[in-house]
Amino acid sequence: MATPLLSRVHIRPGDRICAAVSGGADSVALLLLLHEANALPRNALGVGLSAVHVHHGLRGEEADADLAFVAALCLRLAVPLHVHRVSVPDRLAQSRTSGDPETTEEAARNLRYEVFARLIAEGHADSVLTAHTLDDQAETVLMKLLRGAWTEGLSGIHPVVPIADLLPATRTSSFRPGKILRPLLAARRAELEDYLRSRTQLWRTDSSNTDEAFTRNRIRHHLLPILREYNPAIDTALANLAILARDDEAHWQTELARILPHLLLPGKPVRGGGRAVPTTSNQSLSLEIERLRALNSALRRRVIRAAARSLGARLSFDDTTRLLVLAGLPPEDETAPLTPAKSRLASLDLPGGLRAQRTARELQLTREKPAKS
């Protein structure tokens, strides 16, 4: 029986779940596995099952054929289907105009999650399930590693994510709580294809999956096959790394939530006592250097990054190191940039409009609020 491929974590009897079905092998397998599990007399999921297909306005007739395929499949299974049409080209044009351009992959993903959030908001589902596999996880972790991600990035694709975490804050206020579930993260792509063959079930192949303009496709078709020559289990190793990184990050986030309220000081100190909190276009906060000094290096880095993030800025590894050096707290790594002997800076300008200043007692961070369009 193939249902062990499907993790039922966070799926409870009575839930209304909606499977995202593109027509590809993974998503078709997800829908069939859910349909079979829900029909089993002894192990029925006991859920309300529906499906959603998002037409991205790309690939012309091929995408139209994908939609027709999914519609026929859902009709045969008697699974209600929600069809949503979006326009990735329009989204790309809007993102370029806004000054925050997205890639084609990012635009398509963001539009999908907005559709999923709408389904949840309108009461059609409590959770939307996507068909990400262990192979997808391995590709994601490797892509993040190549880009220099921190542990939150190396945690890859999470099995459960609140829908609000996947949307800009300005778009979540009107949405009701819901989750994105990935119940196939432990399954291999080849296993799912074998399962479909055992059911004589066809699937669609997206021609863009071979387009090497996309980084993921180059990793999938070129880099991972080379790495498998060194370690045939590299996919599993990368997926395990994601689990370790996710657990580590959860620990540190709990620790940060505990100590940050005691470390972040609003605004800047003023003569005579107290602190001035800016009411203009600037946001600012401060960290006492001696309190930073008392932290271990792992926590110190995270506090610096969390402080910048609270102002809406994201720091790279080198940016974080420069801030630590500015505070007189250089990392132990001898190769770190801007060691104290080489830098007497009292201020520092960083990407994202973030400016840092060091006083005798504090590291002060200021960021100009982006102008409203």
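Quick check on the exposure proxy: order Thr366, Thr133, Thr359, Thr140 from fewest to most C-beta atoms within 10 angstrom.
The most exposed by this proxy come first: Thr359, Thr366, Thr140, Thr133.
Sort Phe317, Phe69, Phe116 so the one with the fewest other Cβ atoms within 10 Å of its own Cβ comes first.
Placing the least packed residue first, the sequence is Phe317, Phe69, Phe116.
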>> Using each residue's phi in region 51-60, evaluate 6.51 cos²θ - 1.76 cosθ + 1.60 at θ = phi - 60° and report the 3J(HN,Hα) Karplus result to the nearest Hz, with x for Gly and Pro.
In response: 9, 9, 10, 10, 8, 8, x, 10, 6, x
> Counting other Cβ atoms within 10 Å of each Cβ, which trypsin sites (Lys or Arg not before Pro) in region 90-167 have at most 16 and sit in a DSSP loop?
Replying inline: Arg147
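At a temperature of 25 °C and a viscosity of 0.890 mPa s, determine how fast region 1-135 diffuses translationally according to Stokes-Einstein, using the Kirkwood radius over alpha-carbon pairs as Rh; express D in µm²/s, rounded to the nearest whole number.
155 µm²/s
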> If one takes the longest principal axis of the Cα atoms in the chain, at what angle in degrees, from 0 to 90 and to the nearest 10, does the Cα axis of helix 317-326 lie?
Replying inline: 20 degrees
> Between rounded, prolate and oblate, where does region 3-250 land on the alpha carbon gyration tensor, with a ≥ b ≥ c its root eigenvalues, rounded for a/c under 1.5, else prolate if a/b exceeds b/c?
Replying inline: rounded
> Using the count of nearby Cβ atoms within 10 Å as a rough guide to exposure, how do Val86, Val325 rank from fewest to most?
Replying inline: Val86, Val325
> By its C-alpha gyration tensor, with a ≥ b ≥ c as the square roots of the eigenvalues, how is region 80-193 shaped: rounded for a/c under 1.5, else prolate for a/b larger than b/c, else oblate?
Replying inline: oblate
>> Give the separation of the Cα centroids, region 48-123 to region 196-235, in Å.
In response: 22 Å
>> On C-alpha positions alone, give me the angle between the axis of helix 104-121 and the longest principal axis of the chain, in degrees, nearest 10.
In response: 80 degrees
> Which of these, Ala72, Ala250, Ala93, has the largest mean-square fluctuation under a Gaussian network model of the chain (Cα springs below 10 Å)?
Replying inline: Ala93
> Taking amide hydrogens as modeled 1.01 Å from N in the peptide plane, which residues meet the under 5 Å criterion relative to Arg16, leaving out close sequence neighbours?
Replying inline: Gly48, Asp126, Ser127
> Against the longest alpha carbon principal axis of the chain, how many degrees, from 0 to 90 and to the nearest 10, is the axis of helix 88-98 turned?
Replying inline: 10 degrees
> Once amide H atoms are placed 1.01 Å from N in the peptide plane, what residues at a sequence separation of 5 or more from Leu81, or on another chain, have their amide H within under 5 Å of its amide H?
Replying inline: Ala51
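Each value in this text was obtained by applying a stated rule to the coordinates, not by laboratory testing. Note that the structure is a prediction, hence the values are computed from the model and not measured. Every residue, glycine as well, gets a Cβ built from its backbone with ideal geometry; the counts of neighbours run over all protein chains shown.
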